[in-house]
Amino acid sequence: MELQNTVKEALNALYHHPDDAVRMQADRWLQEFQRTIDAWQVQRDFEELPSEAFRPLRDSLNSLLTAFHKGPPKVRTQISLAVAALAVHVPAKDWGDGGIVNWLRDEMNSHPECIPSFLELLRVLPEEAFNYKIAARPDRRRQFEKELASLMEVALDILRACLNISELTEQVLEAFASWLRLRHRIPSSTLASHPLVLTALSSLSSDILLEASVNVISELIHYTAARNSGGVVAHMPLIQVIVPQVMSLKSQLRDSSKDEEDVKAIARLFADMGDSYLELIANGSDESMVIVHALLEVASHPEYDIASMTFNFWHNLQIYLIERDSYVSFGNEASIEAERNRRLLVSFRVQYPQDYADLSREDLKDFKKTRYDVADVLIDAALVLGGEATLKILYMKLVEPGGSSGNGEHSNWRSAEAALYCIRAISDYVSVTEAEVMPQVNNLCIFLLSDFLLVTFVRPSLSAIQVCLTIGAYSKWLDAAPTGLSFLPSLIDILVSGMNVSEDTAAAAALAFRHICNDCGKKLCGSLDGLFHIYQRAMIGEGTFKVSAEDSLHLVEALSVVITELPSDHAKKALEVLCLPAVTPLQEVINQGPLVLGQTTARELTVHIDRLANIFRYVNHPEAVADAVQRLWPIFKAIFDIRAWDMRTMESLCRACKNAVRTSKRFMGLTIGAMLEEIQALYKQHHQSCFLYLSSEVIKIFGSDPSCADYLKILIESLFSHTICLLKTIQDFTSRPDIADDCFLLASRCIRYCPDLEASNSILTFLSDIFDISNSSQGEKYTSIRDNVIIPRGPTITRILVASLTGALPSSRLETVIYAVLSLTRAYRSRALEWTQDSVSLIPSTAATEAERLRFLRALSEVVSRGDVNALTISIEELSEVCRRNRTVQEIVQGALRPLELNLVNGVVV
């Protein structure tokens with residue numbers, strides 16, 4: 001009790017005391033306390049418990065279980081979970097009495113009054129076999145699952161005996177469902193007549209036992225479809241018992257008197273049958289079609305949570321049919337018609353609710369998710385029925401009475417907007433040569449948007465957005481269809497009108513405009529003057545245009561890709577016009593002098609620089625872009641010189657330069673020297689990481705050019721020598737991760753694209769690229785340089801990598817470290833094995849057993865001898881899990897693996 005009070009006082013001080021020093025002292029005391037034997041109960045590692053304490057602990061927990069046999073169910077559950085967790089750690093032979101299941105049977109016989117408590121323990125046992133929060137070793141967890149599977153018959157005998165106590169039926173069924181999840185191979189003929197199965201089936205008609213019965217039947221359905229149990233054919237005796245009983249519940253789906261949770265449970269059974277018996281259904285037999293009709297009932301249920309249970313089935317059915325390359329095999333004509341009708345049933349779910357304007361943010365999020373899910377279902381329909389057939393069905397929803405209105409009234413905007421959303425969802429699956437419905441859809445879009453724009457409030461605005469997005473979604477059709485060109489002028493006019501409605505509508509219109517220009521660029525070359533007029537009005541915010549700065553980038557990209565279709569001589573002139581709305585305001589600021597330029601907000605500059613960046617990215621005329629950058633360089637240089645302190649402006653400007661380098665490549669020769677000279681000088685003063693990133697892009701393009709070698713060598717040495725000064729301590733890496741990240745990217749680019757220039761140990765620390773250098777086209781001749789650096793440090797590097805795998809780095813970085821270990825092993829083979837063995841041997845046996853360490857080393861050896869990477873990944877993940885299972889173990893491992901060569905003095909590596 002005294003110790004408990006001390007712990008409570010320390011916790012209270014840690015979280016509530018106003019004095020920082022007291023809180024730190026409490027934190028240190030609690031950390032030390034967790035390492036003591038008295039605190040084993042707050043640890044996750046069973047191995048911290050003394051071996052002689054197991055029996056008293058088991059007996060103590062059992063006493064609690066019997067004492068609370070009439071107590072609150074939640075308490076019994078928690079005690080049962082504690083006993084089950086203990087069983088996960090303790091092998092059957094150490095548990096005694098033939099393992100926990102036999103022990104449990106004996107306890108039930110000795111204390112029949114406590115059967116409810118023991119039933120709860122029997123239920124949670126199989127569940128805990130898959131609970132990875134229990135810090136058991138992987139081998140032990142697998143062994144525990146095998147122990148339970150071997151005692152399946154004993155467990156079922158216990159449950160069958162408990163059926164004699166009627167008030168325990170629900171508990172028995174829940175425990176039975178839990179044991180079925182082990183997927184032990186019980187013959188179907190045995191299960192078909194087993195009392196537990198028959199009880200579950202007969203209890204489907206009981207309101208009280210329905211949920212427990214559904215859980216059992218659901219597990220049985222999954223069991224009959226499990227591939228490792230012989231498949232559906234082998235389980236026909238059981239299937240023939242289950243399916244008729246489940247099908248008898250179909251009428252209850254529409255029973256308004258049924259509780260919603262009960263309807264959900266019944267719907268889940270039908271969904272499980274659909275998922276499990278997919279192959280049978282896909283063959284289209286009359287017997288399997290009864291399941292499809294039941295699934296149609298579920299899909300048309302007004303509650304989304306119920307209807308959405310079938311979505312996974314329709315998606316998997318689509319995949320199965322497409323993979324078999326057979327649409328006919330869907331079934332007879334009646335089945336296909338039923339499928340078409342089902343697709344109609346889901347379309348109404350995307351319709352905005354009447355109270356849309358009053359929905360909370362969470363409700364809006366749920367509604368959007370519903371629309372995405374229905375869109376996925378409609379895509380499944382298009383894949384099975386064909387895009388054209390699905391389009392026809394959805395178009396009829398658009399033009400049916402109530403679907404659209406042409407009288408200026410907007411009472412039907414919801415159904416029209418919903419139909420357009422569905423039509424847009426399947427755009428990728430409608431043939432670009434479709435000639436029957438799409439012309440009508442486009443005519444209707446023109447009509448609808450004109451109608452909706454008569455009134456500019458939320459409802460028509462939402463519909464206008466959908467019209468714009470639908471137009472953009474079918475841009476490929478506009479390009480390829482014989483009648484597509486005739487629609488382009490009217491549709492572009494409609495999109496321009498949309499840019500005047502609201503910011504949201506303008507965003508949709510700008511996006512659609514980009515899609516049309518991307519796909520119809522050649523057709524629009526003759527209309528460039530008109531497009532430039534739209535572009536310039538949007539850029540300067542003329543009139544009632546409501547295109548935001550972010551959405552204006554869609555228009556920039558749109559005009560850029562049209563210019564790409566022009567001949568080179570015309571492209572240069574068009575590019576000047578395209579740049580003008582962004583260049584003019586920048587020049588005006590610069591003309592006002594350095595003081596004004598320095599005081600201008602970053603946003604006022606970057607909005608224009610970002611537009612230029614997009615132009616340089618999407619105008620695919622390398623020479624024209626290079627000429628444009630050369631003309632604009634004085635503007636760029638002025639901004640570099642005055643605003644080098646401003647990270648946001650520098651990142652924007654470097655992005656523009658990067659895009660220009662990527663597009664122009666060797667044509668940038670006249671400007672690239674001045675650009676790199678500028679950022680090399682500015683980096684020393686302002687330490688902007690984007691300068692490193694831009695340099696790495698230049699290295700990628702020009703690194704293999706011998707004529708650039710001398711200049712690039714000076715650049716690289718300058719950048720790295722200064723970066724080394726910035727990253728002297730571990731704290732420096734933590735405080736400037738952007739510098740570290742871009743530094744190593746630059747190092748990697750140097751190794752890949754200009755290995756002749758590599759002369760710094762800083763570059764060689766980027767391990768994976770260093771180890772793999774001999775695999776590059778010219779890298780083999782530099783292997784000796786690499787080896788001279790790596791081999792003397794091999795044991796230390798390997799030790800650091802093993803420490804990283806076992807806890808020094810977050811588990812999210814595991815994949816990256818695994819690749820480094822793999823690269824090291826491939827490069828140095830037996831030598832790497834020796835280094836790794838020496839490092840792994842340092843891991844204390846209390847953290848990882850000899851068998852666990854050997855499994856890892858054996859897998860590494862397989863990489864050397866046979867190139868088996870999969871086994872290595874699995875073994876590393878298991879070793880990592882073992883060494884990270886709690887903080888105490890992790891600290892022990894890291895303490896053992898910390899290289900002696902790395903002495904930290906005030907955070908400095910010496």
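Give the residue that is nearest to Ile379 (Cα to Cα), with candidates limited to residues of the stretch 422-443 that are buried (at least 23 other Cβ atoms within 10 Å of the Cβ) and not β-branched (Val, Ile, Thr). Checking each candidate, the answer is Ala425. If the condition is being within 22 Å of Glu891 (Cα to Cα) and surrounded by fewer than 19 Cβ atoms within 10 Å (Cβ to Cβ), then the stretch 817-847 contributes Gln837, Asp838, Ser841, Leu842, Pro844, Ser845, Thr846. Give the stretch 229-285 a look and list any residue that's open to solvent by 30 Å² or more (accessible area, probe 1.4 Å), at pLDDT below 85 and in contact with a Lys or Arg (Cβ under 9 Å, 6 or more places away or on another chain), or say none. The answer is Gly230, and nothing else.
Each residue in the stretch 246-257 was checked for being more than 38 Å from the chain's Cα centre (by Cα) and either outside any helix (DSSP H, G or I) or closer than 17 Å to Asn215 by Cα (or both), and 4 pass. When restricted to residues that are farther than 11 Å from Leu278 by Cβ, touching a residue at least 40 places away in the same chain (Cβ under 8 Å) and not aliphatic (A, V, I, L, M), the stretch 294-324 contains 10.
Given the conditions (1) of a type in the set (A, V, I, L, M); (2) farther than 23 Å from Ile770 by Cβ; (3) under 33 Å from the mean Cα position of the chain (by Cα), and given that Val817 satisfies all but one, which numbered condition is not satisfied? Evaluating Val817 over (1) of a type in the set (A, V, I, L, M); (2) farther than 23 Å from Ile770 by Cβ; (3) under 33 Å from the mean Cα position of the chain (by Cα) leaves (2) as the failure. Taking first residues from the stretch 95-108 that are closer than 15 Å to Leu119 by Cβ and of a type in the set (A, V, I, L, M) and partners that are at pLDDT 90 or above and not in a loop (DSSP other than H, G, I, E, B), the Cβ contacts under 6 Å between residues at least 6 apart in sequence or on separate chains come to Ile100/Ala87; Val101/Val154; Val101/Ala155; Leu104/Phe118; Met108/Ile115; Met108/Phe118. Return the residue satisfying two criteria in turn: it lies in the stretch 349-366 and is touching a Ser or Thr at 6+ places or on another chain (Cβ under 8 Å) and assigned to a helix (DSSP H, G or I), and of such residues it is modelled with the highest pLDDT. For the stretch 349-366, the residue satisfying everything is Val350. Which of the residues that make up the stretch 176-228 are open to solvent by less than 20 Å² (accessible area, probe 1.4 Å) and hydroxyl-bearing (Ser, Thr, Tyr)? Answer for the stretch 176-228, where residues must be open to solvent by less than 20 Å² (accessible area, probe 1.4 Å) and hydroxyl-bearing (Ser, Thr, Tyr): Ser178, Ser188, Ser203, Ser213, Ser218, Tyr223, Thr224.
Candidates are the residues of the stretch 634-672 that are of a type in the set (S, T, N, Q) and touching a Lys or Arg at 6+ places or on another chain (Cβ under 8 Å); the one that is farthest from Arg617 (Cα to Cα) is Thr649. Is it true that Glu623 is more than 38 Å from the chain's Cα centre (by Cα), more than 23 Å from Cys743 (Cβ to Cβ) and either buried (at least 18 other Cβ atoms within 10 Å of the Cβ) or touching a residue at least 24 places away in the same chain (Cβ under 8 Å) (or both)? Spelling it out, Glu623 is indeed more than 38 Å from the chain's Cα centre (by Cα), more than 23 Å from Cys743 (Cβ to Cβ) and either buried (at least 18 other Cβ atoms within 10 Å of the Cβ) or touching a residue at least 24 places away in the same chain (Cβ under 8 Å) (or both). Screening Ser117 on (1) among the polar types (S, T, N, Q); (2) touching a helix residue (DSSP H, G or I) at 6+ places or on another chain (Cβ under 7 Å); (3) surrounded by fewer than 19 Cβ atoms within 10 Å (Cβ to Cβ) shows it passes everything except condition (3).
The values are calculated or read from the model by the stated rules, or taken from the named source; none is laboratory data. This structure is a prediction, so every number in the text was calculated from the model and none was measured. We place every Cβ from the backbone using ideal geometry, glycine too, and count neighbours over all the protein chains shown. To get the accessible areas, we keep the full protein, side chains included, count just its heavy atoms, and leave off ligands, DNA and RNA. Shrake-Rupley method; radii C 1.70, N 1.55, O 1.52, S 1.80 Å.
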